[in-house]
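So the structure is just underneath, and the comments pick up after that.
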Amino acid sequence: MNEIDLRSDTVTKPTPAMREAMARAEVGDDVYGEDPSINRLQEMAAERMGKEAALFVASGTMGNLSAILAHCGRGDEVILGDKAHTVLFEAGGIAALGGVHPRQIPNQPDGTLALQDIRDAIRSEDAHHPISRLVALENTHNRCGGAPLSVEYTRQAGELAHEHGLFLHIDGARLFNAAVAEGVEARELAEPADSVTFCLSKGLCAPVGSLVCGPRDFIARVHRIRKQLGGGMRQAGVLAAAGIVALESMVDRLADDHRRARLLAQGLATIPGLELDPGTPKTNMVFCSLADDVPMDATQVAAALAERGVRVGVVSPRRFRLVTHYWIEDEDVPQAVDAFCEALRGSGV
Ligand code: TLP
């Protein structure tokens, strides 16, 4: 049975072109700075983000952690959303390993932080207070439905942070999805930020890795922190080779994932017992919930779907996330919709 895996775009396996590039990759010891493939990828990433320098790291989590630790000292505060990936899903690393205090303010449904909330959260000079050092945004915003933040909003948030002497970091795990959705270059979305992390291993399909991008002296600090975290890799050029293919050939096609997410949402909207989030999908993620009268919970429905070869993410007891990606074809969409129909019919709705 052909499995349709909609749990995340992190499940994407490398493409044949990536596997070939990996096999041919020129490598060296990257801890000595001698891996030509890593060096090339870092130059490409810096160029794509319009920043001076970039550093290859093992994951999006390591990218955010090392960037936030490079901006903030122990006891400093980062202002970020209560639905930020860094708050919800990074194992509290910034507090556990960096002593950085996460000041959470509400994420708006469109993934933004209200500018007034940011302003109100910035601490005054007082020995009782942590020192406000950083604002962190997420683009696209995962838990806010894969919402893309606009250039205009990002600029306003950057200006506000900088007016108060704070830095701006963007968790741009899916920044290229945002760029495609907004019809802009990724560097325009990154421009207002002092640092940005983006991932190769999500919609771009590479097997491993993320890039932290920013000014040269900042990236030098991130480099030292990556070493402290045990993230200095050796012949990692085999991974970078896939990342280079990702940047060269996998960005523009993200529009196909967004189109398939729209088709998927249209199909799911016709199923009794399933309620779609307003405005979903915003990029490559469809969020939907079970209606109150459905006598199964999301885990049970997901199990019934898995029996039919369709895997979905369960994000709360009655809620699902379905993510489209390179390995989801047009014909998989009606198949997934049919599986949902059958699974819910089985529940007697
Ligand atoms: N997100 C994963 C899960 O951890 C939830 C997913 O399936 O979406 N920032 C954002 C916005 C992310 O969505 C993720 C991964 C990360 C950072 C962390 O990236 P990795 O998994 O490479 O550490």
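From the list Leu97, Leu115, which one is more than 24 Å from Ser8 (Cβ to Cβ) and within 16 Å of the ligand (Cβ to nearest atom)?
Working: Leu115 fails: within 16 Å of the ligand (Cβ to nearest atom).
After ruling out the rest, the residue left standing is Leu97.
Just checking, does segment 25-46 include any residue being open to solvent by 20 Å² or more (accessible area, probe 1.4 Å), closer than 24 Å to Ala186 by Cα, modelled with pLDDT of 95 or more and in a loop (DSSP other than H, G, I, E, B)?
The first filter runs over segment 25-46 and keeps only residues open to solvent by 20 Å² or more (accessible area, probe 1.4 Å), leaving 25-27, 29, 31-34, 36, 39-40, 42-44.
Okay, now just the ones that are also closer than 24 Å to Ala186 by Cα, so 39-40, 42-44.
After this cut, where a residue has to be modelled with pLDDT of 95 or more as well, the list is 39-40, 42-44.
Retained after the next criterion (residues that are in a loop (DSSP other than H, G, I, E, B)): none.
Scanning segment 25-46 turns up no residue that is open to solvent by 20 Å² or more (accessible area, probe 1.4 Å), closer than 24 Å to Ala186 by Cα, modelled with pLDDT of 95 or more and in a loop (DSSP other than H, G, I, E, B).
I'm told Arg253 meets every condition in (1) more than 30 Å from Glu152 (Cα to Cα); (2) out of contact with any helix residue (DSSP H, G or I) (no Cβ under 7 Å at 6 or more places or on another chain) except one. Can you identify the failing condition by its number?
Condition not satisfied by Arg253: (1).
Yes or no: Glu125 at negative phi, more than 17 Å from the chain's Cα centre (by Cα) and not basic (Lys, Arg)? So that I can check it myself, show each step before the final result.
On the way: at negative phi: yes; more than 17 Å from the chain's Cα centre (by Cα): yes; not basic (Lys, Arg): yes.
The answer is yes for Glu125.
Looking only at segment 47-61, count how many residues are open to solvent by 30 Å² or more (accessible area, probe 1.4 Å) and in contact (Cβ under 8 Å) with a residue 60 or more places away in the chain.
The total comes to 6.
With respect to the numbered conditions (1) surrounded by fewer than 18 Cβ atoms within 10 Å (Cβ to Cβ); (2) in contact with a Ser or Thr (Cβ under 9 Å, 6 or more places away or on another chain), which one is the sole condition not fulfilled by Leu149?
Status for Leu149: all satisfied but (1).
Condition first: open to solvent by less than 40 Å² (accessible area, probe 1.4 Å), out of contact with any Asp or Glu (no Cβ under 7 Å at 6 or more places or on another chain), assigned to a loop (DSSP other than H, G, I, E, B) and more than 9 Å from the ligand (Cβ to nearest atom). Now tell me which residues in segment 201-213 satisfy that. Give the steps one after another, and end with the answer.
Start the filter on segment 201-213 by keeping residues that are open to solvent by less than 40 Å² (accessible area, probe 1.4 Å), which leaves 201-206, 209-213.
With out of contact with any Asp or Glu (no Cβ under 7 Å at 6 or more places or on another chain) added as a condition, the list becomes 201, 204-206, 209-213.
Going one step further and asking which of them are assigned to a loop (DSSP other than H, G, I, E, B), we end up with 201, 204-206, 209.
Within segment 201-213, Leu204, Cys205, Ala206 qualify.
Within segment 51-94, which residues are more than 14 Å from the ligand (Cβ to nearest atom) and assigned to a helix (DSSP H, G or I)?
Leu69, Ala70, His71
I'd like the full set of residues that are open to solvent by 10 Å² or more (accessible area, probe 1.4 Å) and more than 16 Å from the ligand (Cβ to nearest atom), limited to segment 152-171.
Across segment 152-171, the qualifying residues are Glu152, Tyr153, Arg155, Gln156, Glu159, His162, Glu163, His164, Gly165, Phe167.
Going by the conditions given, is Asp110 at pLDDT 95 or above, open to solvent by less than 70 Å² (accessible area, probe 1.4 Å) and among the charged types (D, E, K, R)?
No; evaluated as a whole, the condition is false for this residue.
Every residue in segment 64-84 that is closer than 19 Å to Arg226 by Cβ and crowded, with 23+ Cβ neighbours inside 10 Å, please.
Across segment 64-84, the qualifying residues are Asn64, Leu65, Ser66, Ala67, Ile68, Leu69, Ala70, His71, Cys72, Val78.
With more than 25 Å from the chain's Cα centre (by Cα) and among the small types (Gly, Ala, Ser) as the only criterion, which of Ala23, Ala54, Ala58 stands out?
Only one candidate qualifies: Ala23.
Output the residues belonging to segment 137-151 that are charged (D, E, K, R) and either away from the ligand (no atom under 12 Å from the Cβ) or within 9 Å of the chain's Cα centre (by Cα) (or both).
Within segment 137-151, just Glu138 meets the criteria.
Just checking, how many residues over segment 184-199 are assigned to a strand (DSSP E or B) and open to solvent by 10 Å² or more (accessible area, probe 1.4 Å)? Explain how you work it out, then say what you get.
First, pick out the residues of segment 184-199 that are assigned to a strand (DSSP E or B): 195-199.
With open to solvent by 10 Å² or more (accessible area, probe 1.4 Å) added as a condition, the list becomes none.
Residues that pass the stated criteria total 0.
Quick one: how many residues across segment 26-51 are more than 24 Å from the chain's Cα centre (by Cα) and among the hydroxyl-bearing types (Ser, Thr, Tyr)? Lay out the reasoning, then the answer.
Within segment 26-51, the first condition is being more than 24 Å from the chain's Cα centre (by Cα), and the residues that meet it are 26-36.
Imposing the further condition that a residue be among the hydroxyl-bearing types (Ser, Thr, Tyr) reduces the set to 32.
Residues meeting the conditions: 1.
So Thr15 passes all but one of these: (1) buried (at least 18 other Cβ atoms within 10 Å of the Cβ); (2) within 15 Å of the ligand (Cβ to nearest atom). Which condition number does it fail?
(2)
Residues that are open to solvent by 30 Å² or more (accessible area, probe 1.4 Å) and closer than 27 Å to Leu175 by Cβ: which helices (runs of 4 or more DSSP H) entirely in segment 249-349 hold 3 or more of them?
So the answer is 254-268.
The values are calculated or read from the model by the stated rules, or taken from the named source; none is laboratory data. As the structure is a prediction and not an experimental result, all values here were calculated from the model. Quick reminder, even Gly has a Cβ in these numbers, built from the backbone with ideal geometry, and neighbours come from all protein chains shown. All accessible areas refer to the heavy atoms of the entire protein, side chains included, with ligands and DNA or RNA removed. Shrake-Rupley method; radii C 1.70, N 1.55, O 1.52, S 1.80 Å.
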